Amino acid sequence: MRVRKLRTTTTCVLFVAFVLGTWLAACQADPGRKRRQAGAVQSFSMDGLTGGELLFEDGFEGTKLGDGWKPHPRARLVEGWLHIEKNRNEPPIWTTQALPEKVRVEFDARARSDEGDIKFEVFGDGEAHQSGYIVVFGAHNNSEDWFARLDEHGPDRITRATVGVEKDRVYHFALVRTDSQVRCFVDGNPFLMFEDPDPLVGTGHQFFAFNTWDSPLEFDNVKVFDLSK
């Protein structure tokens with residue numbers, strides 16, 4: 001019996017060592033896994049949430065998109081709001097105003113259905129979906145929040161259960177970058193953050209966009225602040 005017990009103990013030790021070794025190897029092969037864990041626990045700096053030089057603003061008071069935006073077939077201005085729905089990500093509504101590397105982008109947003117899915121993209125190329133960071137409040141029928149880099153379903157996406165987007169409620173968003181962290185705030189409170197050791201900067205990563213899959217969304221009071229001055 002003592003020999004059998006020793007063999008059983010040895011087998012358990014070897015199994016635990018194998019599992020730990022497999023997990024460590026996976027983390028090395030998938031650095032995004034480390035970022036997901038780190039992104040959930042790192043402290044949220046409030047740096048850049050105020051101040052800066054105003055570069056661009058739009059309250060959508062006209063009847064069509066102004067020169068600060070690329071023309072878009074599904075964009076409508078409705079009572080001072082930019083309205084979009086059933087866009088299926090292609091293409092997002094991109095600004096023509098290039099963003100500085102250190103920047104704060106503010107805007108108001110509301111969902112006109114219970115699906116939520118308030119979605120926007122930043123530091124993209126001004127043309128394609130998933131060319132920068134993608135943020136979603138109330139994704140997957142208002143069940144999750146996302147913060148992704150270049151691939152909204154990628155392994156390094158930050159994901160969590162959502163508190164839920166309330167239909168017709170106006171939320172005030174602020175997206176801030178002053179260093180390697182891209183931080184999103186909702187109504188002045190920390191929302192999600194992406195810690196990026198290789199930040200998306202320079203040519204191909206200079207624009208901001210609104211987007212949606214099917215959900216009817218509306219946006220207003222867009223402001224872009226240069227935080228480098």
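Please specify each residue of region 77-96 satisfying the condition of being part of a loop (DSSP other than H, G, I, E, B), within 21 Å of the chain's Cα centre (by Cα) and surrounded by fewer than 20 Cβ atoms within 10 Å (Cβ to Cβ).
The answer is Glu85, Lys86, Arg88, Asn89, Glu90, Pro91, Thr96.
Anything in region 85-117 that is at pLDDT 95 or above and of a type in the set (Asp, Glu)? List them, or say none.
Matches in region 85-117: Glu85, Glu101, Glu106, Asp108, Asp114, Glu115, Asp117.
Quick one: is Leu82 at pLDDT 95 or above, farther than 29 Å from Ser143 by Cβ and hydrophobic (A, V, I, L, M, F, W, C)?
no
Being of a type in the set (Lys, Arg) and not in a loop (DSSP other than H, G, I, E, B) is the filter here, so list the residues in region 42-76 that pass it.
Arg76
Among the residues of region 215-229, is any among the hydroxyl-bearing types (Ser, Thr, Tyr), in contact with an Asp or Glu (Cβ under 6 Å, 6 or more places away or on another chain), buried (at least 16 other Cβ atoms within 10 Å of the Cβ) and in the same structural domain as Arg104 (by TED's automatic domain parsing)?
yes
The values are calculated or read from the model by the stated rules, or taken from the named source; none is laboratory data. Just so we're clear, the structure is a prediction, and the values are computed from it rather than from any experiment. A quick note on method: Cβ atoms are made from the backbone with ideal geometry, for glycine too, and the neighbour counts reach across all protein chains shown.
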